[in-house]
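Below you'll find the structure, written out as structure tokens, and then a few comments.
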Amino acid sequence: MHAEPLRLMIYDRTCTGPKLRPGLSHAWWTGGVLYGRLLRRLHAWHGASSWAEALAWVAQVQPERPIAELQFWGHGKWGRAYIGRDLLDDGALLSNHPLHSSLAAIRARLSGPEALWWFRTCETFGATPGQHFAQHLTDFMGCRAAGHTYIIGGWQSGLHSLAPGEVPTWSPLEGLKNGPPEDPREALWSGRRAPNTIHCLSGQVPAGY
């Protein structure tokens, strides 16, 4: 019998409050426990202090099992995702980048083109840089990717996904408050009536998003 493909989550563990008071990292850890232990949506989750650590964990966790879904909970900007100040963008897809080999190792474990990498981060798929990142990542990883165009919180707006070989169909103006799409400056906050909005407790990318 083949092992069930894994559903994994990584989060930024560096985002703590002043003097180690609870910060967003505590909320993301709590989300991992809720999604994993209570709702059974995740098989495993891990807090990392760098992208190298995060990707190495994903590449090595239960290596006999394929990966069906990977979520990242942390901070983002247009075309970027952060762990602390450590950046993941489409530069990591280049062969001479330090993260390239870990991304390739994860790619080899994906369950197929319907596997999903979901960036539950602010703005990562927004504006022109976000669209470029979405397209480059899906083509490199050979799987579907999802991300948001708005600043996210309890409500998470502007959720879109892209499959390998597809081009973005959402507007580069979506979620943008200030600046042109080629040089964005400020994003809008998510809201219940904003396009493609889900709640933070939603565990799936709706059909058509």
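The values are calculated or read from the model by the stated rules, or taken from the named source; none is laboratory data. What you are looking at is a predicted structure, and each value in this text was computed from that prediction instead of being measured. Methodologically, a virtual Cβ is constructed for each residue, glycine included, from the backbone with ideal geometry; neighbour enumeration extends over all protein chains shown. Ligands, DNA and RNA are excluded from the accessible area calculation, which covers all protein heavy atoms including side chains. Shrake-Rupley method; radii C 1.70, N 1.55, O 1.52, S 1.80 Å.
Side notes on the structure shown:
Rundown of residues vs (1) of a type outside the set (G, A, S); (2) at pLDDT 95 or above, yes/no style:
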{"site": "L39", "(1), (2)": "yes, no"}
{"site": "S50", "(1), (2)": "no, yes"}
{"site": "Q62", "(1), (2)": "yes, yes"}
{"site": "A68", "(1), (2)": "no, yes"}
{"site": "F72", "(1), (2)": "yes, yes"}
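- Sole residue being in a strand (DSSP E or B), in contact with a helix residue (DSSP H, G or I) (Cβ under 7 Å, 6 or more places away or on another chain) and under 22 Å from C15 (Cα atoms), chosen from L70, L87: L70
One line per residue, one yes/no per condition, for (1) over 25 Å from R7 (Cα atoms); (2) among the small types (G, A, S):
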{"site": "Y82", "(1), (2)": "no, no"}
{"site": "D86", "(1), (2)": "no, no"}
{"site": "A92", "(1), (2)": "no, yes"}
{"site": "N96", "(1), (2)": "yes, no"}
{"site": "R109", "(1), (2)": "no, no"}
{"site": "L137", "(1), (2)": "no, no"}
{"site": "Y150", "(1), (2)": "no, no"}
{"site": "G153", "(1), (2)": "no, yes"}
{"site": "P172", "(1), (2)": "yes, no"}
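- Which numbered condition P180 misses (of (1) farther than 16 Å from G79 by Cα; (2) modelled with pLDDT of 95 or more; (3) not hydrophobic (A, V, I, L, M, F, W, C)): (1)
- Every pair of residues 6+ apart whose Cβ atoms lie under 6 Å, when the first sits in region 128-145 and is open to solvent by less than 10 Å² (accessible area, probe 1.4 Å) while the second is aromatic (F, W, Y) and at pLDDT 95 or above: G130/W78; A134/F125; A145/W117
- The residues of region 77-103 that are within 22 Å of I151 (Cα to Cα) and open to solvent by 10 Å² or more (accessible area, probe 1.4 Å), listed by number, are K77, W78, R80, Y82, G84, R85, D86, L87, D89, D90.
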